[in-house]
C-alpha cells in the first residue's frame, strides 16, 4: 500500500469513528464532482470536497454529529449567497459515521484510483530532477525517479519511488501506454538514448528533455542520423518548461515542467476518452 491509500489507512487508524462526507448529488456549478468524499475526525481531516464555505459548513456539521454521538445526516446546500459562495450550483451531501465495511470500500476505491494513475518517469536525480520530483509527488500520477548514480537518488525526500539502474533507457520499453518521460540526466549521450527509446513509441503522453535550442538541433541531427523518424521530433518537448522565458533556476523549471506534463497527460486522457466514446448512429449518417 502506498500514497493516498496509505494516508487513508493511517487516518482511519487514528480516527476510527470519523464521519464520511460525500457529495451525493451535484446540480449546476460545483467545486468537485458527485462521489467526491472527505473524512472528518474530531481534530483531523482526510481529503476535500472543494474547500470554501461549503467545506467549512460540512466540517462543522460532521463534528456536531461526532459530539452528539449521532450516526448520519443529509444536507442540501445551495452554493450561493446563502453560504457566501458564488459557484451557483447546489449539492447534496451525506454524512455518516464510518464502519468497517465502508472503511474497506474506501480503501479499495482509493487503491484502485492509485493503480489507474498515469505513470511519469523522471530520468535524472540532479538539481532539476529533484525539484521536479518533489512537485510531481503532489500530483495525481505514479512517479518514479531513475538514475545511474546511487548518491544522487539518496538525496530525494522519503516516499518517492526511485530506481538505480545501469541502463535507464531500457526501462522506457517496459513502461505502460500513456506514460510520460522526462529526461534530465547529467549526461547528454544518455539523454539522447532515453529520448530515442521514448520517441520510438507512439503511445506516450509526454516526452520532454531539459536543454536548449542548440541541444535540440544536435539531438535532431543525431536522431535522424540513427534512422529515427523526423516526424517523431514534433512530439519532443525540448526545452521543458518553455513558459519560463529563460529562467534556469531548478525550482522554476520544475514548476513549469510539472504544469506542462499535467497538461499533456490531460490531453492524452481526453483523446483516449474520445476514442472510446460510442459513435451516435445519427452522426454516421450525417443527421
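Only the coordinates and a few stated rules stand behind these numbers; no lab work does. Since the model is a prediction, treat every value here as computed from it, not as a measurement. Counting neighbours? That spans all protein chains shown, and the Cβs are built from the backbone with ideal geometry, glycine included.
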Counting other C-beta atoms within 10 Å, which of 268, 222 has the fewest, and how do the rest follow? 222, 268
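Relative contact order of the range 1-154: what whole-number percent is it, with Cα pairs under 8 angstrom and at least 6 residues apart?
Computed over the range 1-154, the figure is 22 percent.
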By its C-alpha gyration tensor, with a ≥ b ≥ c as the square roots of the eigenvalues, how is the range 147-273 shaped: rounded for a/c under 1.5, else prolate for a/b larger than b/c, else oblate? rounded
When only C-alpha pairs under 8 Å and at least 6 residues apart count, what is the relative contact order of the chain, in percent? 13 percent
The range 7-79-the range 112-141 distance, computed between alpha-carbon centres (Å): 28 Å
Taking Cα atoms, the helix 52-68 axis meets the longest principal axis of the chain at an angle in degrees (rounded to 10) of 50 degrees
For the residues 49, 272, 240, what sequence is obtained by ranking on other C-beta atoms within 10 Å, fewest first? 272, 49, 240
Taking Cα atoms, the helix 3-14 axis meets the longest principal axis of the chain at an angle in degrees (rounded to 10) of 30 degrees
Would you order 215, 242 from fewest to most other beta-carbon atoms within 10 Å of each residue's own beta-carbon? 242, 215
Quick one: P(r) of the range 3-114 from all Cα-Cα pairs, 10 Å bins, percents rounded to integers, in order of increasing distance. 15, 47, 31, 7
Relative to the compact-globule scaling 2.2 N^0.38 Å, provide the ratio for the alpha-carbon radius of gyration of the chain. 1.22
What distance in nm separates the two pseudo spin-label positions at residue 59 and residue 105, each 7 Å out from Cα along the beta-carbon direction? 2.6 nm
Mind pulling the angle between the C-alpha long axis of helix 250-276 and the longest principal axis of the chain? Nearest 10 degrees, somewhere in 0 to 90. 80 degrees
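Based on the Cβ-Cβ distance from residue 187 to residue 267, what FRET efficiency comes out when R0 is 35 Å, to the nearest 0.05?
0.70
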Expressed in nm to one decimal, what extension gain is obtained for the pair residue 234 and residue 155 from 0.36 nm per residue of sequence separation less their Cα-Cα distance? 25.1 nm
